[in-house]
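Read the structure below first, then the notes.
The values are calculated or read from the model by the stated rules, or taken from the named source; none is laboratory data. These figures come from a predicted structure and were not determined experimentally. Reconstructed Cβ throughout: ideal geometry from the backbone, glycine too, with neighbour counts over all protein chains shown. Side chains are part of the model used for accessible areas, which takes the heavy atoms of the whole protein and leaves out ligands, DNA and RNA. Shrake-Rupley method; radii C 1.70, N 1.55, O 1.52, S 1.80 Å.
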Amino acid sequence: PYRTPFGRSIRDAHYYGPSSWEKVLIKSMNSGMAIVAQRLSHQQLQTAVDDFGFGKPTRIGLGGETRGIITSATKWSDYTQTSVAMGHEIAVTPLQMVQAFCAFARDGTVPQLKLSLHEPNDPMIVRKAISPETTELTRTILGKVMTDGTGRKAQSELYELFGKSGTAQLPKQDSRGYFEDRYISSFIAGAPLQDPELVVLCVIDDPDRKIAHYGGTVAGPVVRNVMDDALKYLGVRPT
């Protein structure tokens with residue numbers, strides 16, 4: 001396990017040895033995310049969380065939409081800094097996740113989500129999360145997640161996808177920590193890689209570990225199947 005300067009032990013599902021930032025994303029390494037987070041100030045990470053729209057409703061038009069859960073700046077600690085980077089001390093909705101991931105399918109801008117199928121092709125832009133250069137680099141690495149990382153079982157035979165798995169420990173109902181053997185497994189992807197048309201997210205709550213529990217294994221194939229059928233329906237040529 002990696003041990004932070006303040007004594008926290010962070011473990012990965014597998015040990016990969018010394019790794020590049022690209023490999024951290026491809027292999028979904030908690031330790032690498034924590035190391036990078038410590039190179040940022042608390043304000044920088046808080047700003048990034050805000051820029052992607054976490055902690056705010058998407059205003060899609062659904063009554064009772066939650067803002068999710070974000071640790072406040074006054075309670076933000078070094079422990080929080082390393083937690084948020086790997087998905088702890090933060091809770092986001094599927095709609096927030098899709099809206100944020102759209103930045104990687106676009107030019108780094110976050111669009112306003114709509115329920116209607118008859119909206120204009122150019123949606124209103126809510127904010128800019130990252131630069132076009134960072135967007136292109138990240139999308140390329142997320143493409144390698146499908147070939148070399150946690151998305152291998154979600155590869156399509158028709159389209160090049162770029163995606164990211166999520167295998168989050170299920171929080172206990174008393175809000176005192178997380179279960180060690182229960183998870184919320186997810187996979188999100190966009191396609192086609194070079195000219196994205198769609199973003200698809202699948203979230204599976206508390207999958208049966210006797211079968212599988214990693215997001216790329218249980219949710220990834222669902223995303224692939226939906227993406228294939230939807231892109232074919234829209235007339236997008238296979239890549």
When the Kirkwood hydrodynamic radius is evaluated over all pairs of different C-alpha atoms of the range 30-120, what value in angstrom, to one decimal, is obtained? 14.3 Å
Kindly report, to the nearest 10 Å², the accessible surface of PHE101 as traced by a 1.4 Å probe over protein heavy atoms only. 10 Å²
What shape does the range 164-219 have by the C-alpha gyration tensor, where a ≥ b ≥ c are the square roots of the eigenvalues, rounded means a/c under 1.5, and otherwise prolate means a/b greater than b/c and oblate the rest? prolate
Search the structure for amide H atoms under 5 Å from the amide H of SER156, placed 1.01 Å from N in the peptide plane, and list their residues when 5 or more places away or on another chain. LEU161
Ratio of the chain's C-alpha Rg to 2.2 N^0.38 Å, to two decimals? 1.00
What accessible area, in Å² to the nearest ten, does a 1.4 Å probe give for ARG3? 150 Å²
I'd like the FRET efficiency for ASP205 and ALA13, computed as 1/(1 + (r/R0)^6) with the beta carbon distance as r and R0 of 22 Å, rounded to 0.05. 0.65
Given H placed 1.01 Å from N in the peptide plane, which residues other than close sequence neighbours of VAL126 have an amide H under 5 Å from its amide H? VAL110, GLN112
Computed label-point distance, nm, for sites ASP50 and THR147 using a 7 Å Cα→Cβ extension: 3.9 nm
Among GLN44, GLN81, GLN194: highest mean-square fluctuation, GNM of the chain, C-alpha pairs under 10 Å: GLN44
Mean separation of Cα pairs under 8 Å and 6+ residues apart, divided by the residue count of the chain: what relative contact order is that in percent? 15 percent
Accessible-area ranking of TYR2, TYR233, largest first, probe 1.4 Å: TYR233, TYR2
Within a Gaussian network of the chain (alpha carbon springs, distance under 10 Å), most fluctuating of SER83, SER41, SER185: SER41
From largest accessible area down, sort TRP76, TRP21; use a 1.4 Å probe on the protein chains. TRP21, TRP76
Please work out how much length the chain gains when fully extended from THR109 to GLU65, using 0.36 nm per residue of separation minus the C-alpha to C-alpha distance, in nm with one decimal. 13.6 nm
Using R₀ = 22 Å, calculate the FRET efficiency as 1/(1 + (r/R₀)^6) where r is the Cβ-Cβ separation of SER41 and TRP21; round to 0.05. 0.75
Largest-first ordering by accessible area, 1.4 Å probe, given options VAL203, VAL236: VAL203, VAL236
What percentage of the solvent-accessible surface of the range 1-112, computed with a 1.4 Å probe over protein heavy atoms, is contributed by carbon and sulfur atoms? 56 percent
Accessible area per residue of the range 115-228 at 1.4 Å probe, in Å²? 58 Å²
Calculate the all-directions average of the projected area of the range 123-239's alpha-carbon convex hull, and give it in nm². 9.3 nm²
Evaluate 2.2 N^0.38 Å with N set to the residue count of the range 196-236, then give the Cα radius of gyration divided by it. 1.36
Does the range 87-151 come out rounded, prolate or oblate by the C-alpha gyration tensor, with a ≥ b ≥ c the root eigenvalues, rounded set by a/c under 1.5 and, if not, prolate when a/b is larger than b/c and oblate if not? prolate
Note down the accessible area of MET124, probe 1.4 Å, to the nearest 10 Å². 130 Å²
